[in-house]
Amino acid sequence: MKEMPAILSYIIEEHLAVLLLWCSRYLYERLLPHWQGDYLVQTAAHFDFTPIERACANYHQRSSKGRGRPVNHTVPKMVRVLFLMYQANSSYRQTESRLRRDLLWRWFAGYALFAAVPDHNTIFLFEQYVRSHHPRLYFDTFLRQIDAQLPAERRRGQIGDTFAVLANAALEGPTRRLRHLCSQLLSLLDKHQPEAYELVISQVEAAFDEGRLFGWDEQVEWSDPEKRQARRQKTVLEALACRELVRPYEADLPPLQAAAALIDKMIADEFDLTWDEQQRLLQAVLLPAKKRGHLRICSATDPEATFRNHGPGKKDFGFNAAVAATDTGLIREIAAHSGSVGDVATIPDLLTAQKEHHDLQPPTLSFDQIAGTGKTAADVHHASGGQTKLIAKPMPSNKKDDTFTARDCSLSADGLCLTCPNGRITYRRYDTAHGDGWTFRLSPAQCLGCPLLVRCRGTSQQPTTPRNFFVSRHMAFFLTLLLYSQTDAFKVELKKRPRIELVIAHLVLFHGARQARFRGTAKVDYQLKMAGMAYNVKWWINRLRRQGQHQTRPSATLLPSVLPPA
């Protein structure tokens, strides 16, 4: 008799749970006719999340309380929650809050009216799994479904451009940056080998003041250049000593090796070191900005973020995002690179990724004038297997005078002879030191009596010297680009380029593509692909609305199942 209240309570709770689920489904069915024009209802009608659910099936979050049942936040629900987060450009906490109060979000994710929704940590853990195991999953899945519904989009020409993504890290000066890197190195040693850490710290304290390395109780007048240089030199000396003390423990610890390599790279890129005969450091001077290393570390918080330089007053610390879209605005590929990676260097990656993941090579790719060089045209040709034609305004010559260049000459089809503007032919061809082309030479005898002598050589070059013309290995590609730029078809294609600015503006304004959520190129690349996915889904739904093909009446298939299986 004493157990009866517990049994009755269990029976009431079980029946009440079923009743609440039924009430929840009934309410959703009554509200659905009023939601028919909503974007999420149309998304549920036209897109299938099953491929994403299958790919993430290995992600299982088990309840820690009794009977080993899965918790309420199943993979199908979490897949939709992550989709909602990027569609609304919300944080983990904002997503949790909106799931609690927004009935439409609850319906879309598959949560009953009175069911508990995932908290911000649960959402974070699921996204961490997706980012680590399937970084392209959402983007590729929805793009394939759009291609299946609209095959003509695959055959369209593409337009491309780049934009800056600001790093989720603060810039640091050389001294503070070096201290920060050393602190990270010692923290990793403490994490993986505590005993070795204690030994290294004791050696650090014996060799020099540890507080001086990390800036404790520092009294330095930074406005004084001499004191600033002296402090910087001491920091370099102590960082090198710390680096050597940790070196014996790096062998079997890749994270430690990576942290130590960052210190090595920063010192090599930033400082000019002077050593004596006993290999003792005499001087460490900060190099001029133009002589510092390529892709130099600017912040220890995010070592992969670098400066994106687009002219005076246009320097952004972060990443260079490249996007390729059809001329109707559908994003075909989007990727993140370190900020110092040039715009044209991102183009082959856009084409290679499309070939690898979607078996697609666009017929054309329009880009900014910075891409209008023979080398870029050659890179596009090789990356696409000759299937894609680069469309860009040819870059003008960088010569400051009006003398003739190789562009004014005629190169034979086999590339073995060059004809100057006056019709003189030379077969004298020499490879350049860098291997980027050839130097064709006309002798003074060939130039004797030429009526174009002054215009060809200018007034500074004597007529008794040979006349050299540099011909790039990509000259044929540039000439093709130049000839095509003079056609009416080129002008038509060029008019489509401004559409890419609208695509980038939408990504930046509505999907948070300007500010990095994460640190590291791979994670920022994942963020951009999720933003591209969100944009593409909206693009497709808006296209259907314009065509009058959106869902007009409620359908039972749109309702996620909230009732337990029979």
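Read-outs: derived from the displayed coordinates by stated rules, not from any lab. Note that this is a predicted model, so its numbers are computed, not measured. In this analysis, Cβ positions are derived from the backbone assuming ideal geometry, glycine residues included, and neighbour counts consider all displayed protein chains.
Summary of computed values
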{"item": "Extended-chain gain in nm, criterion 0.36 nm per residue less alpha-carbon gap, Q486 and R144", "result": "119.5 nm"}
{"item": "Inter-probe distance in nm under a simple model that places probes 7 Å from Cα toward Cβ, at M395 and S187", "result": "4.1"}
{"item": "For R429, distant residues with modelled amide H under 5 Å away", "result": "none"}
{"item": "Label-point separation in nm, R136 to D402, each point 7 Å along Cα→Cβ", "result": "5.2"}
{"item": "In order through region 448-455: 3J(HN,Hα) via Karplus (6.51 cos²θ - 1.76 cosθ + 1.60), integer Hz, x for Gly, Pro", "result": "4, x, 6, x, 9, 4, 5, 5"}
{"item": "FRET efficiency estimate (nearest 0.05) - Cβ-Cβ, R176 to K495, R0 45 angstrom", "result": "0.35"}
{"item": "For region 238-244, Karplus couplings with θ = phi - 60° (6.51, -1.76, 1.60), whole Hz, Gly/Pro x", "result": "6, 5, 5, 5, 4, 4, 5"}
{"item": "Region 431-482-region 86-128 distance, computed between alpha-carbon centres (Å)", "result": "67"}
{"item": "Whole-number percent relative contact order across region 281-332, with pairs defined as alpha carbons under 8 Å at least 6 apart", "result": "17"}
{"item": "Relative contact order computed over the chain (Cα-Cα under 8 Å; 6+ residues apart), in percent", "result": "19"}
{"item": "Built amide H within the under 5 Å cut-off of F271, gap 5+", "result": "L287"}
{"item": "Under Karplus coefficients 6.51, -1.76 and 1.60, residue-wise ³J(HN,Hα) of region 118-134 in Hz, glycine/proline x", "result": "x, 7, 5, 5, 5, 5, 4, 5, 5, 5, 4, 5, 4, 5, 7, 9, 9"}
{"item": "Segments 363-371, 120-128, 306-314 sorted - mean Cβ within 10 Å per residue, highest first", "result": "363-371, 120-128, 306-314"}
{"item": "For S366, distant residues with modelled amide H under 5 Å away", "result": "Q158, I159, G160, I391"}
{"item": "Net charge dipole size for the chain [Lys, Arg +1 and Asp, Glu -1 on Cβ; Debye, nearest 20]", "result": "2100"}
{"item": "Estimated FRET transfer efficiency when R0 is 22 angstrom, pair A116-Y39 (beta carbons, to 0.05)", "result": "0.30"}
{"item": "Region 506-537-region 156-180 distance, computed between alpha-carbon centres (Å)", "result": "14"}
{"item": "The chain - mean residue ellipticity at 222 nm from DSSP helices (-39,500 (n - 2.57) per run, n ≥ 4, rounded to 500)", "result": "-14500 deg cm²/dmol"}
{"item": "Contact order relative to length of region 174-291, as percent, for alpha carbon pairs under 8 angstrom and 6 or more apart", "result": "29"}
{"item": "Full-extension gain in nm, R441 to L479, via 0.36 nm per residue minus C-alpha separation", "result": "11.6 nm"}
{"item": "Amide N of region 152-194 lying under 12 Å from the label point, which is placed 7 angstrom from the Cα of I201 along Cα→Cβ", "result": "186-191, 194"}
{"item": "Net length gained if the chain between L166 and R545 were fully extended (0.36 nm per residue, minus Cα distance)", "result": "133.0 nm"}
{"item": "In Å, descending, principal axis extents of the Cα set of region 406-477", "result": "31, 24, 17"}
{"item": "L103-N58 FRET efficiency (beta carbon distance; Förster radius 41 Å; 0.05 resolution)", "result": "0.85"}
